[in-house]
Amino acid sequence: MMNNVYLHDPEMTELEQDLLKKIEQNEAWLSSSETLQKLRKSKRFPSIWCAGCGIGIVMGALIRAIDRVGLKNDQVALVSGIGCTARMPVYMDFNTLHTTHGRALAFATGLKIARPDMEVIAIMGDGDALAIGGNHFIHAARRNIGITTIVVNNSIYGMTGGQYSPTTPIDGKATTAPYGNIEPPFPICDLAKAAGATYVARSTVYHALELDKYIEQAIRKTGFSLVEAVSYCHTTYGRLNKLGRPVDMMRNLKEQSITQTAAKDIPEDELEGKIVRGIFCNIERPEYTAEYEKVIARAQQSDESSEARRAGGI
Ligand SMILES: Cc1ncc(C[n+]2csc(CCOP(=O)(O)OP(=O)(O)O)c2C)c(N)n1
Ligand code: SF4
Ligand SMILES: [Mg+2]
């Protein structure tokens, strides 16, 4: 613990003292976390992400969540497609599959069926998950296959320079919508819930510790779980829509968001433009790979009885 790095100034306000305590506690936790020491490959840093991008915060939350669940590096497989978000597994020391755009859940499905014992985590951007990968998304949820899915929703195609995505807000400007987007955005959490996901939650990169908690719960869930991590892309969407610096976009996340509990008392039209945070679904349903094991057992039994029939001349 590096207590001496920070000066304990007697003039500090209560809030500042509290903050200092939290930083020190976090450092103690950081240096005591063995898993954390193993996660990052220093040779991969610095990352390709623009300075101030929110994706790194989601990576931090994911690392802390895995650490809390107590999974070893070899028990986890991170699967991604293509995009700024999809680069995340490159920086983490797990089993990783960096696949094609939109296909993270297709690869993750194959992997989970082959290795149901493994914690398979798919990490996707909004374009990756809901445009080209939209069909995989709804069917993975419908099957309730035990994949933990994290969608970093920055409302845009970040990597390719700011084309609008299925989550770009109405009127939002994009390189492919210079006069404003006219397509209504997909509500990711509603979509996942309606399609059959068994755990669905949303938070933002401003609420990093809440994100840790939701990702941890999503990992612990046996079936298909989704965490929407609302982020921002200051270099494309932010610039085109004059939303300011990363810190301004971060402040927007803080000011625009509201908890699910508080949102209950607010009429729907007043919630327009708000980011509702919370757990929207946490239910139990048969998980796909467990059901598949039963099919294998039935098929083997039936093979055995036909063999016995054949051997008995029946
Ligand atoms: C089949 C295919 N189509 C299109 C592309 C180009 N492409 C790469 S990333 C991307 C969109 C990325 O947006 P998103 O998934 O939201 O991730 P972000 O970069 O915003 O994190 C696109 C269209 C591609 N690589 N492959
Ligand atoms: S382009 Fe946007 S999403 Fe991609 S790293 Fe930069 S800020 Fe982040
Ligand atoms: Mg995106």
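Of the whole protein surface, K22 contributes about 120 Å² of accessible area at a 1.4 Å probe radius.
Roughly how many percent of the accessible protein surface of the chain is carbon and sulfur, given a 1.4 Å probe and a whole-percent answer? All intermediate terms of the calculation are to be shown ahead of the outcome.
Numbers: 8780 of 16390 Å².
Carbon plus sulfur share of accessible area: 54 percent.
Within the shell defined by Cβ-Cβ distances under 11 Å, the residues around C189 carry a net charge of +1, with Lys and Arg each +1 and Asp and Glu each -1.
Among G223, G110, G52, the largest mean-square fluctuation in a Gaussian network model of the chain, built with springs joining Cα atoms closer than 10 Å, belongs to G110.
Pulled fully out, how much extra length does the chain show between R220 and I182, if you take 0.36 nm times their separation in residues and subtract their Cα-Cα distance? Mind dumping the intermediate values first?
On the way: separation 38, 0.36 × 38 = 13.68 nm, distance 3.84 nm.
In short, 9.8 nm is gained.
Computed with every protein chain present, the accessible area of E270 is close to 120 Å² [probe 1.4 Å]. Using a probe of 1.4 Å, the accessible surface attributed to D269 totals some 120 Å² when neighbouring protein chains are kept in position. Inverting the pair-averaged 1/r between distinct Cα atoms of the chain gives 21.0 Å as its Kirkwood hydrodynamic radius.
Between their Cα atoms, which of K22/K254; K193/K242; K221/K242 are more than 30 Å away from each other? Long pairs (Cα-Cα over 30 Å): K193/K242; K221/K242.
Subtracting the Cα-Cα distance of N135 and A114 from their residue separation scaled by 0.36 nm leaves 5.4 nm.
When the Gaussian network model of the chain links Cα atoms closer than 10 Å, the mean-square fluctuations of T13, T168, T99 top out at T13. Using a cut-off of under 19 Å, list every residue of the range 129-152 whose amide N is near the label point 7 Å from the Cα of T100 along the Cα-to-beta-carbon line. Counting backbone N atoms under 19 Å from the label point, the list is 129-140.
Among R251, R277, R64, the largest mean-square fluctuation in a Gaussian network model of the chain (Cα springs under 10 Å) belongs to R251. Let me check I've understood the local charge: for M249, count other residues with C-beta under 15 angstrom from its C-beta, Lys and Arg +1, Asp and Glu -1. What total comes out? Combined, the nearby Lys, Arg, Asp and Glu give +4. Using the Cβ-Cβ distance between N73 and F45 with R0 set to 25 Å, the FRET efficiency works out to roughly 0.90. The residues of the chain have, on average, 52 Å² of accessible surface per residue, using a 1.4 Å probe with all protein chains present. I'd like the orientation of helix 55-69 relative to the chain: the angle between its Cα long axis and the longest Cα principal axis, in ° from 0 to 90, rounded to 10. Tilt relative to the chain: about 60 degrees.
The values are calculated or read from the model by the stated rules, or taken from the named source; none is laboratory data. Computed from a predicted model, the values in this text were never measured in an experiment. Don't worry about glycine lacking a Cβ; one is built from the backbone with ideal geometry, like all the others, and counts go over all protein chains shown. With ligands, DNA and RNA removed, areas are computed over all heavy atoms of the protein, side chains included. Shrake-Rupley method; radii C 1.70, N 1.55, O 1.52, S 1.80 Å.
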